[in-house]
Amino acid sequence: MRLALHQPDIAGNVGTILRLGACLDLPVDVIEPCGFALADRALARAGMDYAARAALVRHADWDAFAAALPGRLILFTTAGAIPLPEARFAPEDTLIFGSESAGAPAAVHQAAAARVRIPMRAGERSLNLAVSVAIAAGEALRQTKGWPA
C-alpha cells in the first residue's frame, strides 16, 4: 500500500504524513508542483527525524506518477460516492489525496478506481489533510492486515 499527495500546499501536513508513512511503513508519493519547497523548514519540523526515514518518491507531474502507479488508485475526496466504512481495500492500493486548497483535479477523479469519502457531521466542509490520510490509512491497513509487526 502507498500514500499519494497530489500537489500539496502545506509543508507541515506533508511533514506529518511523511512521519506517518515512516511509522506505518507506507511509501509516500508526492506529485509536484507543491505549494512550497520540499526542503522547507516547516516540512522538516513537522516530519522531525522521521521524514528522513520515510520512503518518499517525488514525481514531476501527474503523468510521471500515473506511469509509475503499481496498483489501483483510491481517491479520498469530499465528493466521494463511497463512504469509508463501505470501501474495500487491497494491499497494492495507492490512497491518493488532493491539495488542501483545490482538492483533486478531474484527471485524478477519472483515473481513480474508487472515490471514497470520510463521513463527517452534516455542515462541516473537510478534515485536515494529515488527519484524513491517517484515518484512511488506518482503515485500509486494518482491512488488509497490513499493520507493521
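The values are calculated or read from the model by the stated rules, or taken from the named source; none is laboratory data. Here the structure is a predicted model, which means the values were calculated and not measured. Here the Cβ is made from the backbone with ideal geometry for all residues, glycine too, and neighbour counts use every protein chain on show. Ligands, DNA and RNA are stripped out before the accessible areas are found, and what is left, the full protein with its side chains, is counted by its heavy atoms. Shrake-Rupley method; radii C 1.70, N 1.55, O 1.52, S 1.80 Å.
Taking Ala60, Ala104, Ala11 as the candidate residues, the one with maximal mean-square fluctuation in a Gaussian network model of the chain, Cα springs under 10 Å, is Ala60.
Determine the dipole magnitude for region 28-109: charges of +1 sit on the beta-carbon of Lys and Arg, -1 on that of Asp and Glu, nothing else is charged, the reference point is the Cα centre, and the result goes in debye to the nearest 20.
On the way: 6 positive and 10 negative charges, 38 e Å.
Dipole size: approximately 180 debye.
Taking a ≥ b ≥ c as the square roots of the Cα gyration tensor eigenvalues, with a/c under 1.5 meaning rounded and otherwise prolate when a/b beats b/c, else oblate, which class fits region 1-141? Judged from the Cα gyration tensor, region 1-141 comes out rounded (a/c under 1.5). Heavy-atom surface analysis with a 1.4 Å probe gives region 24-124 a carbon and sulfur content of 53 percent of its accessible area.
What is the extension gain from Ala60 to Glu32, computed as 0.36 nm multiplied by their sequence separation minus the C-alpha to C-alpha distance, in nm to one decimal?
That works out to 9.6 nm of additional length.
Just add up the charged neighbours of Asp25: K/R +1, D/E -1, any other residue whose Cβ is under 14 Å from the Cβ of Asp25. Its environment carries a net charge of +4. Residues Arg19, Arg125, Arg53, Arg2 ordered from highest to lowest accessible area at a 1.4 Å probe: Arg125, Arg53, Arg19, Arg2. Near Gly35, once Lys and Arg are set to +1 and Asp and Glu to -1 for all other residues with Cβ below 9 Å from its Cβ, the sum equals -2. Each label point was placed 7 Å from the Cα along the Cα-to-Cβ direction; for Trp147 and Arg121 their separation is 2.8 nm. Computed with a 1.4 Å probe over protein heavy atoms only, the accessible area of Asp63 comes to about 110 Å².
Per residue, the chain exposes 51 Å² of solvent-accessible protein surface, assessed with a 1.4 angstrom probe and all protein chains in place.
Relative to the Cα centre, the charge distribution of the chain, modelled as +1 at Lys and Arg Cβ and -1 at Asp and Glu Cβ, gives a dipole magnitude of about 360 debye. A Förster distance of 25 Å, applied to the separation of the beta-carbon atoms of Glu92 and Tyr50, puts the FRET efficiency at 0.55.
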